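Visitor: I'd like to ask some things about the structure below.
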Ligand SMILES: C[S@@+](CC[C@H](N)C(=O)[O-])C[C@H]1O[C@@H](n2cnc3c(N)ncnc32)[C@H](O)[C@@H]1O
């Protein structure tokens, strides 16, 4: 286990935090110099996006704008579909089966991404809507599962650039929010985005398939579109890992073959996404499935289901 210090130079001040690296030694980034790499990514992310104190600005904007969605017409949908098919084929050819390299040198996302528009499926119709609105259901589910716990300790597995951690922090002051990422590049965005938040010290590097964390060490563990990229076999290992680590339960928002249309199924299979988590959850001896349903607002075409499982 490595512990490294990373630095942020914010105008006149320089601050340091310690980042743990809990990834297994077989990790693709393990032979590169971890400390230099992460610091370099942080410096580049700051250069690209700056360091901002987001407070609740973006969150309030999402709450205000979430209803302003525009329906996508038939012709527009058809054109989008053709573009997406091309995109999937290009992506598959470029990245092969692994999606890891997609994030290796990814551009650095800022929280402004939450305000941008995306495509969503709502009751079988396609809409353009603000991206943050699709995350509201997830953060409400996490907060609901925590509601009887004093100062719940929550973990986001594969937290990306910290978009959900930011949203959850705006929804509730009464939570200890932790998150981990697999790649230095993604964690760098997350560190920069959450620099002014109270949980910047709760970030680390880890592999969801092989978590070097104690059993029952977090009250609730959640994910959003992380299992999809692991393929079915690794996704099974990952679900078992977050189940082992959680004390109360998990909220998993991931694509599934259930309820998917022909195009969604084709996309999932071409990208070798994982297809089915519910059957694995059902094998957990002490599990109570609380929810398994379509997300209210589903990313399109990467549509997802909400799976909430509690330890009974
Ligand atoms: C589609 S992004 C979603 C990010 C974030 N959950 C969100 O909702 O914005 C998938 C993320 O999963 C991360 N990931 C992929 N494999 C992982 C692994 N084995 N362990 C942890 N994170 C992983 C990727 O680095 C990437 O940031």
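Readers should treat all values here as calculations from the given coordinates under stated rules, not as data from a laboratory. Since this is a predicted model, take the numbers as computed values, not measurements. So basically every Cβ, Gly included, is an ideal-geometry build from the backbone, and we count neighbours across all protein chains shown.
Visitor: Could you check the stretch 64-88 and list, in sequence order, the residues that are in contact (Cβ under 8 Å) with a residue 24 or more places away in the chain and more than 14 Å from residue 300 (Cβ to Cβ)?
Guide: Answer for the stretch 64-88, where residues must be in contact (Cβ under 8 Å) with a residue 24 or more places away in the chain and more than 14 Å from residue 300 (Cβ to Cβ): 65, 66, 68.
Visitor: In the stretch 226-254, which residues are surrounded by fewer than 19 Cβ atoms within 10 Å (Cβ to Cβ) and not in a strand (DSSP E or B)?
Guide: If the condition is that a residue be surrounded by fewer than 19 Cβ atoms within 10 Å (Cβ to Cβ) and not in a strand (DSSP E or B), then 231, 232, 233, 234, 237, 240, 244 are the ones that fit.
Visitor: Can you spot a residue in the stretch 268-281 that is out of contact with any strand residue (DSSP E or B) (no Cβ under 9 Å at 6 or more places or on another chain), surrounded by fewer than 17 Cβ atoms within 10 Å (Cβ to Cβ) and within 26 Å of residue 3 (Cα to Cα)?
Guide: no
Visitor: Out of (1) in contact (Cβ under 8 Å) with a residue 24 or more places away in the chain; (2) within 21 Å of residue 136 (Cα to Cα); (3) surrounded by fewer than 24 Cβ atoms within 10 Å (Cβ to Cβ), what's the single condition that is false for residue 193?
Guide: (3)
Visitor: Quick test for you: out of 171, 205, 163, pick the one residue that is surrounded by fewer than 22 Cβ atoms within 10 Å (Cβ to Cβ) and within 16 Å of the ligand (Cβ to nearest atom). Write out each step before concluding.
Guide: Working: 205 fails: surrounded by fewer than 22 Cβ atoms within 10 Å (Cβ to Cβ); 163 fails: surrounded by fewer than 22 Cβ atoms within 10 Å (Cβ to Cβ).
Every option except 171 fails the conditions.
Visitor: Let me ask something else about it. Which is touching a residue at least 24 places away in the same chain (Cβ under 8 Å), in contact with a helix residue (DSSP H, G or I) (Cβ under 8 Å, 6 or more places away or on another chain) and within 12 Å of the ligand (Cβ to nearest atom), of 183, 270, 256?
Guide: 183
Visitor: Where in the stretch 113-211 are there helices (runs of 4 or more DSSP H), lying wholly inside it, with at least 1 residues that are over 25 Å from residue 303 (Cβ atoms)?
Guide: Values: elements: 136-145, 163-171, 184-193.
Per the criteria, 163-171, 184-193.
Visitor: Please specify each residue of the stretch 123-142 satisfying the condition of being within 16 Å of the ligand (Cβ to nearest atom) and in contact with a helix residue (DSSP H, G or I) (Cβ under 8 Å, 6 or more places away or on another chain).
Guide: 130, 131, 132, 133, 135, 136, 138, 139, 140, 142
Visitor: For residue 215, are the conditions met, namely being in a strand (DSSP E or B), on the phi < 0 side of the Ramachandran plot, touching a helix residue (DSSP H, G or I) at 6+ places or on another chain (Cβ under 9 Å) and more than 9 Å from the ligand (Cβ to nearest atom)?
Guide: Values: in a strand (DSSP E or B): no; on the phi < 0 side of the Ramachandran plot: yes; touching a helix residue (DSSP H, G or I) at 6+ places or on another chain (Cβ under 9 Å): yes; more than 9 Å from the ligand (Cβ to nearest atom): yes.
No; evaluated as a whole, the condition is false for this residue.
Visitor: Separate question: When both residues are 6+ apart or on different chains and their Cβ atoms are under 6 Å apart, which pairs have a first residue that lies in the stretch 224-235 and is within 18 Å of residue 294 (Cβ to Cβ), and a second that is near the ligand (Cβ under 6 Å from one of its atoms)?
Guide: As it stands, the answer is 224/164, since those pairs meet every condition given.
Visitor: Name the pairs: first residue in the stretch 294-306 and free of Cβ contacts under 8 Å to residues at least 40 places away in the same chain, second residue in a loop (DSSP other than H, G, I, E, B) and surrounded by fewer than 20 Cβ atoms within 10 Å (Cβ to Cβ), Cβ to Cβ under 6 Å, at least 6 apart or on different chains?
Guide: 294/259
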